[in-house]
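**Q** So that we are looking at the same thing, I have put the structure below in structure tokens.
The values are calculated or read from the model by the stated rules, or taken from the named source; none is laboratory data. All values reported here derive from a predicted model rather than from experimental measurement. Here the Cβ positions follow ideal geometry from the backbone for every residue, glycine too, while neighbour counts run over all protein chains shown. Each accessible area value is taken on the protein alone, full model and side chains, heavy atoms only, with ligands, DNA and RNA left out. Shrake-Rupley method; radii C 1.70, N 1.55, O 1.52, S 1.80 Å.
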Protein chains: 2
Amino acid sequence: MQFRNFKMVGYVVYGRGCFDQLDEILAPRRKGDAPMVFLLDQYFDGKPLAGRIPLRGKDRLVLADVTYEPKTTQVDKLAQELKDAYGTVSGVIGIGGGSTMDLAKAVALMMNNPGSSADYQGWDLVKNPGVYKAGIPTLSGTGAEVSRTTVLTGPTRKLGMNSDFTPFDQIVLDPTLTENAPVNQRFYTGMDCYIHCIESLTGTYLNEFSKSYGEKALALCQEVFLHKDHWDEHSDDQLMMASYAGGMSIAYSQVGVAHAVSYGLSYLLGTKHGIGNCIVFNHLEEFYPEGVAEFKQMVARNGIHIPEGICKGLTDEQFDTMINVSLGMKPLWENALGKDWEKQMTRQRLRALYEKL
Amino acid sequence: MQFRNFKMVGYVVYGRGCFDQLDEILAPRRKGDAPMVFLLDQYFDGKPLAGRIPLRGKDRLVLADVTYEPKTTQVDKLAQELKDAYGTVSGVIGIGGGSTMDLAKAVALMMNNPGSSADYQGWDLVKNPGVYKAGIPTLSGTGAEVSRTTVLTGPTRKLGMNSDFTPFDQIVLDPTLTENAPVNQRFYTGMDCYIHCIESLTGTYLNEFSKSYGEKALALCQEVFLHKDHWDEHSDDQLMMASYAGGMSIAYSQVGVAHAVSYGLSYLLGTKHGIGNCIVFNHLEEFYPEGVAEFKQMVARNGIHIPEGICKGLTDEQFDTMINVSLGMKPLWENALGKDWEKQMTRQRLRALYEKL
């Protein structure tokens, strides 16, 4: 099809405190005594949120280790454990940042699909709908709550399971869940949204659908990180909507140079997505002059430290690995630079860029 | 639930020319030889669009008479005809403005629900999911493409079938379909969106979700009707997104005075929704001073005639009917005026307002 027929999430609930409706929301989705499985970012271990999860019957709370971004091996292991223990489950609920939500999506899909999640990294390879799945962000910015992908690091690549079966059946957008996020992490994840917007709005794939969402998300990021002089409740409200709108804007657009380059960092060094994007974007004046200037203002205004020199001392082989991963992200480069992107982004130029980081 | 768990449309495709993907989109939704039923606004009878509908097998093209807005009797009759002729159908596809789309939603629901559609006017009364349904707007502004209602005039009231079964499974947003709309009609329908936005953004129900969508829709309306000096392709693109975003903004908000008053006009006089809203909004300075001033600028700039004097010569009984219908729209009044709206909006005050129109 010329234009993507975009699968939407099934239900959205938005509101301060709406997390407390979760029990009621899940009730009609329970299948007999098959458990709901709650994947909770381990950051919340022992924190009050863990105690507010509406566990019933055989429900299972799993602390998700997101020290690294989700791996296909981690997805496969967890899905297999659940199959061994319960046969099937009523659903998988991801509560956390982008990694936890992506893990939940992938595990829900692998409950009903044979083989390894690595078999499904790509576009429209997933064969069967997964079990019911819900996403509950505790960090705003990734857009994972509305995307049709789940980004996984596999044996040979970092690539999503992109499919119409991937979007959540339900998302619960409760801005109070983000209010105690560590300041640096909140910034890095918020910048994932800001960078999405710049890459999408300046890209060659853009249409009015994506533009409308991208412009709104951008304005909300600017409001939160640039125009306001303090963080308040309303900042949480706004950044949660920015993340949602930023995610929706990807429907008919693509991310660009920062994402393509940071995928290489992440693959080789395990650099997490939010901070990785910031490290890269900080050096992309030649591609996004206005966006990078504004980003630097936001960094300064919010007193954030962006790491430098992370590629120091890497070997030629390591640079080559990053370059290979990055240049594999063809749609991102094409969106950013146009159809002749391969002429513009040579291995030499990309190496020089990695050396700057 | 304190916060509405908002059911989203299933799939969205947006793009200039995406109507031509309809055959491919519908293919997996066909059930054996049960027909797809295309409800086409009769305005397109004999026009090229009618010839582009992908009819297959027993598919049926029905010209929708939308001289008046949809009636429960019209819905019931059409659903019964389809049941008598085919037993069941694969789906109902509405192609037209808000009336045609609402008719399609209601007929799709009544294929699987007993009794009369009048039994389901209200909130969450619909018992069973309908057949597959898709909406394809040829006018932008109503938001019917994303709403969870279908507004019907019944024996005793004008009220929607509001339910989680009501939203479309698929919407096809092709801005080229709106490009030949009559200028006055295009304006009236566009103003439905503009008035939505003003009512929603100034209302007491607003939250950040609805605000984000409402602000974007408002900015797009202003761009199209106020800032640009001519109508072009991009205006169609933008107004289609304004309509979509305006519809989404209603998720956690409500419309207000203009809608409440115009429902009375529509019930008594058959005044259509778009023009009715304009007739009313034109006299609402006391409620929406800035919005009405801007509306008048848009009217002038676009050379539009807004009818006056339409309530001249009505009897006391007729005024009473309109007042009863209007005051029945409690959530609209509460959103506009707050919890003590009944003290503010007396029958006398409302009568005086109707007399001005």
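**Q** In whole Å, largest first, what are the principal axis extents of the Cα atoms in the range A:127-284?
**A** 47, 38, 34
**Q** What average count of beta carbons from other chains do you get within 10 Å of the Cβ of residues in A:15-28?
**A** What the average comes to for A:15-28 is 2.
**Q** Post the alpha-carbon centroid distance, the range A:200-267 to the range A:79-135, in whole angstrom.
**A** 26
**Q** If r is the Cβ-Cβ distance from A:His230 to A:Lys330 and R0 is 30 Å, what FRET efficiency results, to the nearest 0.05?
**A** Values: r = 42 Å, r/R0 = 1.41.
After rounding, the FRET efficiency stands at 0.10.
**Q** Where the only charges are on Cβ atoms (+1 Lys, Arg; -1 Asp, Glu), what is the dipole of the range A:192-341 about its Cα centre, to the nearest 20 debye?
**A** Details: 9 positive and 20 negative charges, 35 e Å.
Approximately 160 debye in magnitude.
**Q** Ratio of the protein assembly as shown's C-alpha Rg to 2.2 N^0.38 Å, to two decimals?
**A** Computed over Cα atoms of the protein assembly as shown, the ratio equals 0.98.
**Q** As a check on your grasp of the helix formula, calculate [θ] at 222 nm for chain A: sum -39500 (n - 2.57) over DSSP H runs of n ≥ 4, divide by the residue count, round to the nearest 500.
**A** Roughly -13500 deg cm²/dmol at 222 nm, from the helical runs in chain A.
**Q** While we're here: Name the residues of the range A:192-233, by number, that are at least 40 Å² less accessible with every protein chain in place than in the isolated chain; the surface is that of heavy atoms, probe 1.4 Å, without ligands or nucleic acids.
**A** Residues passing the criterion (a loss of at least 40 Å², heavy atoms only) are A:Glu208, A:Phe209, A:Ser212, A:Tyr213, A:Lys216.
**Q** Apply 1/(1 + (r/R0)^6) to the Cβ-Cβ distance of A:Glu285 and B:Leu55, taking R0 = 56 Å, and write down the FRET efficiency to the nearest 0.05.
**A** 0.55
**Q** Taking the label point 7 Å from Cα in the Cβ direction, how far apart in nm is A:Gly51 from each other copy of itself, listed shortest first?
**A** Here A:Gly51 shows inter-copy label distances of 7.2 nm.
**Q** Mean separation of Cα pairs under 8 Å and 6+ residues apart, divided by the residue count of the range B:1-103: what relative contact order is that in percent?
**A** RCO, the range B:1-103: 34 percent.
**Q** Can I ask one more? Just grab the label-to-label distance for B:Ser116 and B:Lys296, each label 7 Å out from Cα along the Cβ direction, in nm (one decimal).
**A** If labels sit at B:Ser116 and B:Lys296, their model points lie 4.4 nm apart.
**Q** Give the Kirkwood hydrodynamic radius (Å, one decimal) of the range B:202-307, defined as one over the mean of 1/r across all pairs of different Cα atoms.
**A** Kirkwood radius, the range B:202-307: 14.7 Å.
**Q** Among the aspartates and glutamates, which have Cα under 15 Å from the Cα of B:Lys272 when same-chain residues fewer than 8 positions away are ignored?
**A** Within the straight-line limit of under 15 Å, B:Lys272 reaches these aspartates and glutamates: B:Asp41, B:Asp65, B:Glu69, B:Asp102, B:Asp192, B:Glu308.
**Q** Something else now. Please report the carbon-and-sulfur percent of the accessible area for chain A; probe 1.4 Å, protein heavy atoms only, DNA, RNA and ligands left out.
**A** Working: 6710 of 13170 Å².
So the carbon and sulfur contribution to the accessible surface is 51 percent.
**Q** Right, next: Quote the FRET efficiency, to the nearest 0.05, computed for B:His305 versus A:Asn128 with a Förster distance R0 of 51 Å and r equal to the Cβ-Cβ distance.
**A** With a Förster radius of 51 Å, E is 0.35.
**Q** Residues of the range B:206-357: accessible area per residue at 1.4 Å, in Å²?
**A** On the way: 5930 Å² over 152 residues.
Result: 39 Å² per residue.
**Q** Okay, next question. Using only the Cα atoms of the range A:130-183, what do you get for the radius of gyration and for Dmax, in Å?
**A** Computed over the Cα atoms of the range A:130-183, radius of gyration and Dmax are 13.1, 38 Å.
**Q** Still on this structure, please answer the following. Identify, among B:Gly143, B:Pro175, B:Ala106, the residue whose Cα sits farthest towards the positive end of the charge dipole of the range B:104-186, taking +1 on the Cβ of Lys and Arg and -1 on the Cβ of Asp and Glu, with the dipole about the Cα centre.
**A** Checked the options; the winner is B:Ala106.
**Q** Cross-chain or 8 or more residues apart, Cα under 24 Å: how many lysine pairs in the range A:15-103 fit that? Count them up, please.
**A** 7
**Q** Further question on the same structure: Got the B:Asn324 label distances to the other copies yet, label 7 Å along Cα→Cβ, in nm, shortest first?
**A** Once sorted, the set of distances for B:Asn324 reads 7.9 nm.
**Q** Once the label point is set 7 Å along the Cα-to-beta-carbon vector, what list of distances in nm do you get between A:Asp124 and its counterparts in the other copies?
**A** In ascending order, 3.8 nm.
**Q** Quick one: buried accessible area between B and A, total over both chains, 1.4 angstrom probe, nearest 100 Å²?
**A** The contact between A and B buries close to 3300 Å².
**Q** Next question, about the same structure. Give me the one-decimal nm value for the distance between modelled label points at B:Glu342 and A:Thr346, 7 Å along each residue's Cα-to-Cβ direction.
**A** So the two model labels end up 7.9 nm from each other.
**Q** Work out Dmax and Rg for the range B:245-357 from the C-alpha atoms and quote the Rg first, both in angstrom.
**A** 13.9, 40
**Q** Express the Stokes-Einstein translational diffusion coefficient of chain B in µm² s⁻¹, to the nearest whole number, given a Kirkwood radius over alpha-carbon pairs, 4 °C and a viscosity of 1.567 mPa s. Mind dumping the intermediate values first?
**A** Working: Rh = 20.5 Å.
Roughly 63 µm²/s, to the nearest whole number.
**Q** State, as an integer percentage, the relative contact order of chain B based on alpha-carbon contacts under 8 Å between residues 6 or more apart. Walk me through the numbers before you get to the answer.
**A** On the way: 681 pairs, mean separation 54.9, N = 357.
Reported as a whole number, the value is 15 percent.
**Q** Then there's this: Hey, if you put +1 on the Cβ of every Lys and Arg and -1 on every Asp and Glu Cβ in the protein assembly as shown, which of B:Val62, B:Pro307, B:Leu269 ends up farthest toward the positive end of that dipole?
**A** B:Val62
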